[in-house]
Every structure is written in structure tokens, then in C-alpha cells.
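Novice: Before anything else, here's the structure in question.
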Amino acid sequence: MNETLNNTTLKKIVYLYSEIMPYAISVMRALVEEFNVEVECISWDQNKRTPFVPENEKGITFHKRSAFDKQSIIAFLKRIDPFIMYVSGRMDALYLEGIMDMKSWSKCKIVTGSDNQWEGTNKQKLAAIMSHRLYGKYFDYFWVPGRRQYEFARRMGYPNERIISNLLTADSRVFAGAYEKNRTHKQQRVPHNLVYAGRFAKTKGIDILIDAFLAARKELNNDWQLTLVGSGDEISANEPFINIKGFMSGAELAENSKDWTAYCLPSVKEPWGVVVHEFAMLGLPVICSTNVGAADDMVVNNYNGFIFESGNKESLKQAIIRLMSATDKELLLMGERGHELSKKQSPLIAAYSLMSIV
């Protein structure tokens with residue numbers, strides 16, 4: 001346990017979150033275990049994109065966003081009196097009201113996080129001009145996952161010393177823990193099964209993936225399969241070698257990954273993509289588009305996977321052909337390399353990054 005804090009008084013961290021996901025909870029767990037703090041988290045419970053529902057555990061208590069109004073969230077923050085508060089962006093007006101009240105009586109360090117990439121659009125340029133009004137008056141620090149988001153934080157007026165790294169991470173206890181089991185299984189037989197896991201949405205590029213996969217399989221005349229895991233828009237694919245499965249938890253993905261060869265994230269728009277870290281940690285080669293933010297840290301072209309031009313079906317087809325043409329030994333080596341790359345980030349590293357501001 002780290003001795004950064006005075007452990008005679010149990011201190012509290014508040015998370016004001018949009019839709020909570022398991023990977024965020026893994027960071028909370030690391031904070032509790034390593035720094036002897038308690039975490040209180042309010043998160044959205046209505047109009048969600050996934051069926052995941054968080055459950056209380058030792059040191060972590062979850063609250064439904066729908067249970068709060070302005071008066072009750074102000075009372076909640078005064079009762080908890082956190083020394084750090086993390087807010088997942090500025091999209092919730094109620095959270096912002098709570099922050100403004102808190103600034104009048106508390107010395108709490110308030111951190112926002114974002115996976116927004118700086119793209120230089122007119123909307124972003126306007127936001128940069130209005131950065132204090134949009135960000136500066138609410139948040140003391142800006143927590144980002146990678147270099148594209150670091151540039152966004154800088155444009156929003158935050159200096160180096162106010163930008164924290166390592167926001168987003170896979171849950172290493174779930175995914176790294178399955179790596180050795182996968183490796184042993186695949187040394188006996190490497191499957192020929194490319195997988196996509198995520199939301200079924202147009203921005204994810206699934207239609208391009210299906211078309212590129214069919215073209216690559218036809219050209220090579222092989223036995224490869226494509227598995228699509230997730231929920232959302234209806235997927236149209238009638239071929240017997242395309243398997244469509246429902247939403248899976250992280251533990252379920254880890255368990256099933258022994259039957260998958262490589263992971264593909266073909267997104268047209270993907271600010272980060274924690275799932276890339278998850279599958280690299282599992283020891284699968286990764287194919288992803290140039291628009292995937294996590295590719296900067298987790299995928300090296302031709303080393304542990306392939307990066308293709310976003311939205312370009314021919315570019316994706318060629319990446320899939322290269323994957324399908326690799327030997328079993330080459331596929332295993334790419335997976336091992338990806339697993340090593342994945343170690344640069346973890347819930348523990350994310351927790352220490354947040355606590356670096358204390």
C-alpha cells in the first residue's frame with residue numbers, strides 16, 4: 001500500500017460519470033487497494049448503450065444519476081467532502097452545477113477526462129476560444145489517454161503540469177490473466193477466426209469489415225471465419241462462416257478469446273478504443289483503422305498487427321489478407337508482441353497517474 005496519504009483518516013474520491021464501464025471500475029479498485037481511499041460514484045442509469053450494471057464492492061459505492069437533482073447532488077458532495085473528484089466530461093449539466101457550488105467551499109482537486117482527439121474542426125476551434133468558459137472554470141486538471149487527446153487538452157488551455165496521462169486502461173486482472181491460458185491453447189492449434197467486439201453501429205465500420213473479409217476470403221479461398229460480438233443496430237450477414245453473438249462481458253471475452261485468432265476494430269470514428277488494449281493484453285494480433293486513438297500506443301504496424309486507412313475497404317482487405325497469409329508461428333509471435341506492448345498501461349498505472357496531483 002502506498003503511503004502518499006495520511007492513512008489515519010480515510011479519504012474519499014468522487015466520480016461523476018456518464019455511462020460507467022468495467023474498465024473504469026478497475027481503476028477505482030486500484031485506488032482503493034493501493035491508496036486506502038473510498039470511492040463514491042454517481043453514474044448514468046438511463047438511456048444506456050450497454051446492459052452493464054455496476055455493483056457495490058469493498059471501498060466502492062455506486063449511486064444512480066436519476067436519483068439526484070441540484071439540491072441533492074450539492075448535499076451529497078458536502079456530505080462526502082472528497083479531496084479529488086473526477087468528472088467524465090462536461091456533458092451533464094447537473095454535474096457542472098454541483099462543481100460550481102463545490103468551488104465556493106471546497107479545496108477539492110477537480111479533474112475532467114476526455115478521449116476527444118484534436119481534429120481542428122471549426123467547432124473545436126470555437127471551443128478553444130471559449131475554453132475557460134467550457135472547461136477552465138470547472139476543472140483544475142485534464143486527464144487524457146493518449147497523445148491525440150493530449151493535444152486536445154492543450155488546445156483547451158491546460159498547461160503540461162495540469163494534464164494527466166493514462167486515463168483509459170483494460171482490466172489487467174481479467175485480460176492479462178487469460179493470456180497464458182490462451183497461449184498454451186493456441187500453441188496446440190491456432191484458430192482461423194477474426195473477431196470484432198463492440199457496439200453494432202455505423203461509425204464502427206462493421207459494414208466495411210464484412211465486405212473486406214468476404215473479398216479477402218474469396219481471394220484466398222480459405223476456411224477463415226468472422227465473429228461479430230456486441231449489440232445495437234441489426235447486422236445483415238447470411239454466410240455460414242460469419243457468426244453473430246450478443247454482448248459479452250470482459251470475462252466472457254477473455255474466456256472465448258482462445259477460439260479467436262485476431263481482433264479487428266475498423267471504426268470510422270474511434271477517439272480511443274479500450275478494447276484494443278484488452279485484445280492486445282489477451283495476446284491477439286490487432287487490425288485497426290487510422291482513426292483509432294489507442295493504435296498510437298497499442299499497435300505497431302507489421303509488428304503486432306496492421307493499421308489500415310480508415311473507411312477504405314481495399315486497405316482493410318489487404319490487411320486481412322496479410323493476416324490470413326501469416327503462418328501460425330507468425331500469428332503467435334504477433335500476439336506475444338502485443339501482450340508485451342499492453343504492459344505499458346494498467347489500472348495501477350492509471351491510479352498512480354491520478355494520484356500524482358496530490
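Novice: Over the range 52-199, one equal point on each Cα, no solvent: what is log10 I(q)/I(0) by the Debye formula at q = 0.08, 0.10, 0.12, 0.21 Å⁻¹?
Specialist: -0.35, -0.52, -0.70, -1.35
Novice: Within straight cross-link reach of K245, meaning Cα distance under 18 Å, which aspartates and glutamates are found once same-chain residues fewer than 8 apart are removed?
Specialist: Within the straight-line limit of under 18 Å, K245 reaches these aspartates and glutamates: D207, D233, E234, E255, D259.
Novice: Considering only C-alpha atoms, what is the centroid distance from the range 99-154 to the range 163-219, in Å?
Specialist: Comparing the Cα centres of the range 99-154 and the range 163-219, I get a distance of 31 Å.
Novice: Let me ask something else about it. Between R90 and R49, what length in nm is gained on full extension when 0.36 nm per residue of separation is reduced by their alpha carbon distance?
Specialist: Gain in length upon complete extension: 12.9 nm.
Novice: Rounded to the nearest 500 deg cm²/dmol, what is the calculated helix-only ellipticity per residue at 222 nm for the chain, with -39500 (n - 2.57) per DSSP H run of length n ≥ 4?
Specialist: Rounded to the nearest 500, the figure is -11000 deg cm²/dmol.
Novice: Let me ask something additional. Give me the Debye-computed log₁₀ of I(q)/I(0) at q = 0.14, 0.16 Å⁻¹ for the range 172-342, equal point scatterers on Cα only, no solvent, two decimals.
Specialist: -0.63, -0.85
Novice: OK, next. Distance check, please: which entries in K70/K107; K11/K103; K258/K343; K107/K344; K11/K48 exceed 28 angstrom between their Cα atoms? Display every interim value, and only then the final one.
Specialist: On the way: K70/K107 20 Å; K11/K103 18 Å; K258/K343 20 Å; K107/K344 32 Å; K11/K48 30 Å.
The pairs that break the limit, which is 28 Å between Cα atoms, are K107/K344; K11/K48.
Novice: Amide H of I164: which non-local residues (sequence gap of 5 or more, or other chain) have their own amide H closer than 5 Å, using H built in the peptide plane?
Specialist: The list, which skips near neighbours in sequence, is F142, W143, V144.
Novice: If you keep only loop residues by DSSP, which chymotrypsin sites (Phe, Trp or Tyr not before Pro) in the range 1-96 have at most 14 other Cβ atoms within 10 Å of their Cβ? All intermediate terms of the calculation are to be shown ahead of the outcome.
Specialist: Working: sites: Y15, Y17, Y23, F35, W44, F52, F62, F68, F76, F83, Y86, Y95; in loops: Y17, W44, F52, F68, F83.
Here the sparse-neighbourhood loop sites are F52.
Novice: Suppose the chain between I244 and K103 were pulled fully straight at 0.36 nm per residue; how much longer would it get relative to their current alpha carbon spacing?
Specialist: Roughly 45.9 nm would be gained on extension.
Novice: Taking the Cα centre of the range 172-342 as origin and charging only Cβ (+1 Lys, Arg; -1 Asp, Glu), how large is the dipole, in debye to the nearest 20?
Specialist: With Lys and Arg at +1 and Asp and Glu at -1, about 180 debye.
Novice: Below 8 Å, C-alpha to C-alpha, sequence gap of six or more: please give me the relative contact order for the chain in percent.
Specialist: On the way: 648 pairs, mean separation 54.5, N = 358.
Averaging sequence separation for qualifying contacts and normalising by length gives 15 percent for the chain.
Novice: Between A197 and residues 5 or more places away or on another chain, which pairs have amide H atoms under 5 Å apart, with H built 1.01 Å from N, and which residues are they?
Specialist: V229, C264
Novice: Order of C288, C41 from fewest to most other C-beta atoms within 10 Å?
Specialist: Numbers: C288 29, C41 20.
Ordered from fewest to most neighbouring Cβ atoms within 10 Å, C288, C41 come out as C41, C288.
Novice: Rounded to the nearest 0.05, what FRET efficiency do N160 and K64 give with R0 = 41 Å and r taken as the Cβ-Cβ distance? Could you check?
Specialist: The computed FRET efficiency comes out at 0.65.
Novice: Moving on. Report, by chain and number, residues whose modeled amide H sits under 5 Å from the one on E19, excluding near sequence neighbours (fewer than 5 apart, same chain).
Specialist: Hits under the 5 Å cutoff: W44.
Novice: Using the eigenvalues of the Cα gyration tensor, what equivalent ellipsoid semi-axes result for the range 80-143 when each is taken as the square root of five times the eigenvalue, whole Å, largest first? Write down the numbers at each step before the final one.
Specialist: Details: eigenvalues 112, 28, 19 Å².
Output for the range 80-143: semi-axes of 24, 12, 10 Å.
Novice: Translational diffusion coefficient of the chain at 37 °C, 0.692 mPa s, Stokes-Einstein with Kirkwood Rh over Cα pairs, in µm²/s as a whole number.
Specialist: Rounded, D is 153 µm²/s.
Novice: For the chain, with only Lys/Arg (+1) and Asp/Glu (-1) charged at the beta-carbon, what is the dipole magnitude about the Cα centre, in debye rounded to 20?
Specialist: Roughly 760 debye, rounded to the nearest 20.
Every number in this text was worked out from the coordinates using simple rules, so none of it is lab data. Worth saying up front: this structure is predicted, and the values here are computed from it rather than measured. Neighbour counts run over all protein chains shown; Cβ positions are idealised from the backbone, glycine included.
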